[in-house]
Amino acid sequence: MFFNLSCMLLSPVSDIIRRRRSIYPPVYKDTPISDEVILEILENANWAPTHKMTQPWRFSVIRGEKLTFVKDYIGQYYKDNAGQEYSELKYHKMTGNIEKSACIIAIGMHRDSQDAVAEWEEMAAVAMAVQNMWLTCASLGIGAYWGTSAAARSAATIVGFEEGVRCLGFFFMGYTSEENWPKSKRSAIQNHVKWL
Ligand SMILES: Cc1cc2nc3c(=O)[nH]c(=O)nc-3n(C[C@H](O)[C@H](O)[C@H](O)COP(=O)(O)O)c2cc1C
């Protein structure tokens, strides 16, 4: 039942899906990401499917001086909440990731006031929107990853989300060069499927 696709020419969409990687800020270049490109990324997020068309995603685009503002907030949150676990290395990693990003998009999930659909469905829809953003980035040579630290998830107010919007983390972005594009692997799909 399974075709060996590795010896077949991949369709453009399969190629991008398999090329998408989590790429972290230390390898991002200084090159800015234009408004047009950010809009394309967001527009593609907006085409994700949703039950009852609730379109629960909310986004906040963070660039320039706002990155410093968010970096300071995240650093302070970590200092205030890490307790015994506090590590100077982790503090610098968290704040450095923000400093090195060309742009961060805070990911929000709005709950419909009528609760028309289950919360998990809204979360699934937001995750599909994030995947659209991630695939768009992969197609444009932009490194990206979804970070879901407690600090990022606590940032709904400071990134300007309205009340009732939950922050599901940050989407970090920056152009990167081909040699920094990581390889990855997956366990075989056969291990995850039953054909009935
Ligand atoms: C919902 C979600 C949350 C994630 N949160 C984090 C995170 O907080 N920190 C991190 O380094 N990577 C995070 N990742 C990235 C995963 O670690 C990464 O996708 C996984 O290792 C597979 O690697 P790949 O994306 O390069 O294929 C997250 C991914 C998803 C889908």
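Of (1) in a helix (DSSP H, G or I); (2) modelled with pLDDT under 95; (3) acidic (D, E), D115 satisfies all except one. Which?
It is condition (1) that D115 fails.
May I ask you to list the residues in segment 139-170 that are under 17 Å from the mean Cα position of the chain (by Cα), of a type in the set (A, V, I, L, M, F, W, C), more than 10 Å from the ligand (Cβ to nearest atom) and not in a helix (DSSP H, G or I)?
I142, A155, A156, V159, F161, V165, C167
Go through segment 13-64 and give me each residue that's over 16 Å from the mean Cα position of the chain (by Cα) and among the small types (G, A, S).
Listed by number, the residues that qualify are S14, S34, G64.
Please enumerate the residues belonging to segment 184-196 that are in contact (Cβ under 8 Å) with a residue 60 or more places away in the chain, within 16 Å of the ligand (Cβ to nearest atom) and part of a loop (DSSP other than H, G, I, E, B).
Result: S184, single match.
Of all helices (runs of 4 or more DSSP H) completely enclosed by segment 1-94, which ones contain at least 2 residues that are within 16 Å of the ligand (Cβ to nearest atom) and under 24 Å from P182 (Cβ atoms)?
Answer list for segment 1-94: 12-19.
Among the residues of segment 96-111, which ones are over 16 Å from G169 (Cβ atoms) and part of a helix (DSSP H, G or I)?
G96, E99
Based on this model, can you work out whether G174 counts as away from the ligand (no atom under 14 Å from the Cβ) and crowded, with 21+ Cβ neighbours inside 10 Å?
The answer is yes for G174.
When you scan segment 97-107, do you find a residue that is surrounded by fewer than 16 Cβ atoms within 10 Å (Cβ to Cβ), more than 14 Å from the ligand (Cβ to nearest atom) and farther than 19 Å from A45 by Cα, even just one?
yes
Can you tell which of K66, K71, K79 is surrounded by fewer than 16 Cβ atoms within 10 Å (Cβ to Cβ) and of a type in the set (K, R)?
Of the residues listed, the single one that is surrounded by fewer than 16 Cβ atoms within 10 Å (Cβ to Cβ) and of a type in the set (K, R) is K79.
When segment 11-46 is examined, which residues are found to be in contact with a helix residue (DSSP H, G or I) (Cβ under 9 Å, 6 or more places away or on another chain), more than 13 Å from S139 (Cα to Cα) and among the β-branched types (V, I, T)?
Passing the criteria: I23, V27, I33.
What are the residues in segment 108-138 that are over 21 Å from E43 (Cα atoms) and within 14 Å of the ligand (Cβ to nearest atom), if any?
W120
Hey, among the residues in segment 132-160 that are hydroxyl-bearing (S, T, Y) and within 27 Å of I17 (Cβ to Cβ), which one's surrounded by the fewest Cβ atoms within 10 Å (Cβ to Cβ)?
So the residue we want is T148.
The values are calculated or read from the model by the stated rules, or taken from the named source; none is laboratory data. It should be emphasised that the depicted structure is a prediction, and the values quoted were computed from it without experimental measurement. A quick note on method: Cβ atoms are made from the backbone with ideal geometry, for glycine too, and the neighbour counts reach across all protein chains shown.
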